[in-house]
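**Q** First the structure, which I've put down as structure tokens, then a few questions once you've had a look.
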Amino acid sequence: MFNLEFRINKSKLVEFKWLGNWHGRTPFAHKYWESQIYRDSSWITFQLRISSKEDHAGLRFEVGLLTYTFEFNFYDNRHWDHENQKWSDYEKSLL
């Protein structure tokens with residue numbers, strides 16, 4: 001996993017407020033995307049996170065300025081099985 005994050009928050013909390021949320025499938029198996037805009041207590045926010053071999057692994061990008069934040073997430077919808085070092089197979093476990 002790679003995670004680069006920088007934040008400067010306001011000393012007084014601002015009520016969290018959703019401004020928009022969009023999501024959908026991609027042409028790739030098990031891959032989805034999500035983007036959202038919201039308002040919080042951050043003056044400046046930057047995050048770049050790349051993960052693998054964990055639940056909902058993928059790419060996450062977040063940037064914010066003056067309490068407004070935009071976030072984009074491209075992720076795998078599966079869960080990682082740490083015991084067997086592979087993606088969980090729910091269909092076989094239901095049998």
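Please treat every number below as a calculation from the coordinates, not as lab data. This is a predicted model, so every value here is computed, not measured. Because the Cβ atoms are built from the backbone with ideal geometry, glycine has one as well, and the counts that use them run over all protein chains shown.
**Q** Find, among the trypsin sites (Lys or Arg not before Pro) in the range 1-72, those assigned to loop by DSSP (not H, G, I, E, B) with at most 16 other beta-carbon atoms within 10 angstrom.
**A** K10, K12, K53
**Q** Suppose we flag GluC sites (Glu not before Pro) only when DSSP calls them loop and at most 15 other Cβ atoms lie within 10 Å. Which is the longest uninterrupted stretch of the chain? Walk me through the numbers before you get to the answer.
**A** Values: sites that count: E15, E54, E83.
The segment 16-53 is the longest one with no such site.
**Q** Is any residue of the range 31-55 close enough, with backbone N under 19 Å, to a label point placed 7 angstrom from the Cα of N77 along the Cα-Cβ axis, and if so, which?
**A** The answer is 31-36, 53-55, whose backbone nitrogens lie closer than 19 Å to the label point.
**Q** Only Cα pairs within less than 10 Å get springs; with that Gaussian network setup on the chain, which residue of S35, S11, S52 has the largest fluctuation?
**A** Residue with maximal mean-square fluctuation among S35, S11, S52: S11.
**Q** Across the chain, how many lysine pairs, 8 or more apart or on two chains, come within less than 21 Å at their alpha-carbon atoms? Mind dumping the intermediate values first?
**A** Values: K31/K53; K31/K86; K31/K92; K53/K86; K53/K92.
Lysine pairs, 8 or more places apart or on different chains, close enough: 5.
**Q** Kindly list the residues of the range 1-19 that lie in the label zone of I44, defined by a backbone N under 14 Å from the point 7 Å along the Cα-to-C-beta vector.
**A** 5-10
**Q** Given the DSSP H assignment, sum -39500 (n - 2.57) over each helix run of at least 4 residues in the chain and divide by its residue total; what's the result at 222 nm in deg cm²/dmol, nearest 500? Please report the intermediate quantities before stating the final value.
**A** Values: 1 runs with 4 residues, N = 95.
After summing the helix terms and dividing by the residues of the chain, the value is -500 deg cm²/dmol.
**Q** Give me the one-decimal nm value for the distance between modelled label points at H30 and K17, 7 Å along each residue's Cα-to-Cβ direction.
**A** For the pair H30/K17, the computed spacing is 4.0 nm.
**Q** While we're here: Along the principal axes of its C-alpha atoms, what lengths does the chain span, in descending order and rounded to whole Å?
**A** Taking the Cα atoms of the chain, the three principal extents are 52, 24, 22 Å.
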